Each structure stands twice: as C-alpha cells, then as structure tokens.
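Heads up, the thing below is written out as structure tokens.
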Amino acid sequence: MLDDNFISVYDKFKLHFYRQVFELVRERDGSLSAMEAFSLEVINMLDKPTVGQFAEFLNISQSNATYKVNNLIKKGYLERQNSRTDRREYHLVLSEKFYKYIGLLSSYEHVVMERIKERFPREDVDKLDQMLEIISAELMPECEK
C-alpha cells in the first residue's frame, strides 16, 4: 500500500511537471527543448556545478555536456562564472531568465504543500516533514551532489 501510494503521488508530480515543461517548450527560435529543460533542472539541483561535474552526474561525455551548456548559454538560461580558487575552471550559474522559467514549474509543489497544511493536523505535517528530511538526507545517497 505504501509503495503504491508513494508512486501515485510521485507520478502525479512528474506528470504535472512534464505538462508544464511541454507547455513552455515551443517550436520557435530561442525556446528550450525538453532535453534542455531537463538539463537546466539537473544544473539547478547540482548547485553551480562545473561542466565536468554536470557531465559526470549524467554519465555523458565532456564534449556532449559542453555542447548542451553552450546552447543554454546562447539561449540566455545559463552563465559561466570563474572559480574563485582556479581561474581556469568555471561554474555553471543559472540566469534570471531561468528563475522566471523555474517559477512557473515549481508553483505546483507549493500549492500541494499548502493543501497538506490545510488538510492535516499540525503534528502530522511536522511528522511528514521529519520523515521527508530523513528520506532525503539518509535514504537517497545515489542522488547526493
């Protein structure tokens, strides 16, 4: 029962996200492809990775990652920032254009969280919060940055 319920909730979040991505992805000059949208999501979650870290996380070649990054920079969603410790290295920093885009995608999570807070007693919400923190911090080591 827990497995089915978790998968149901997770699938609904994914479906909502995919719908929004495809609504934002348009066939016009400068628009994002679905793969570019997913690449931006990964870069966001990795928190200012280098191109090498981005490539390594996705298990793709450095040249493939560089190609993706350069396209995202041309479209204005990504910027390069020199490393403070090694000027030959740079980090991928998301642009203001990205934050406008991500705001459209993340609003549903906030809606669901508000519904949870309204529907359940405070102690249940606090317990769910504690459980999610443990799940994220301890039970999903494959997804650490």
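The values are calculated or read from the model by the stated rules, or taken from the named source; none is laboratory data. Here the structure is a predicted model, which means the values were calculated and not measured. In this analysis, Cβ positions are derived from the backbone assuming ideal geometry, glycine residues included, and neighbour counts consider all displayed protein chains. Only protein heavy atoms, including side chains, enter the accessible area calculation; ligands, DNA and RNA are left aside. Shrake-Rupley method; radii C 1.70, N 1.55, O 1.52, S 1.80 Å.
For this structure, a couple of remarks:
- Scan the range 43-53 for residues that are in a helix (DSSP H, G or I) and exposed (fewer than 15 other Cβ atoms within 10 Å of the Cβ) and the total you get is 2.
- Residue within the range 59-67 that is among the aromatic types (Phe, Trp, Tyr) and in contact with a helix residue (DSSP H, G or I) (Cβ under 8 Å, 6 or more places away or on another chain) present: no
- Complete set of residues in the range 84-113 that are touching a residue at least 24 places away in the same chain (Cβ under 8 Å) and in a loop (DSSP other than H, G, I, E, B): Glu89
- Residue tally, condition of a type in the set (S, T, N, Q) and more than 13 Å from the chain's Cα centre (by Cα), over the range 33-53: 3
- The single residue among Glu96, Glu56 that is surrounded by 10 or more Cβ atoms within 10 Å (Cβ to Cβ), of a type in the set (Asp, Glu), within 25 Å of Phe22 (Cβ to Cβ) and within 17 Å of the chain's Cα centre (by Cα) turns out to be Glu96.
- Selection over the range 132-141 of residues that are open to solvent by 100 Å² or more (accessible area, probe 1.4 Å) and part of a helix (DSSP H, G or I) gives a count of 2.
- Set side by side, the residues Glu118, Glu144 differ, and just one is under 28 Å from Leu72 (Cα atoms) and open to solvent by 100 Å² or more (accessible area, probe 1.4 Å), which is Glu144.
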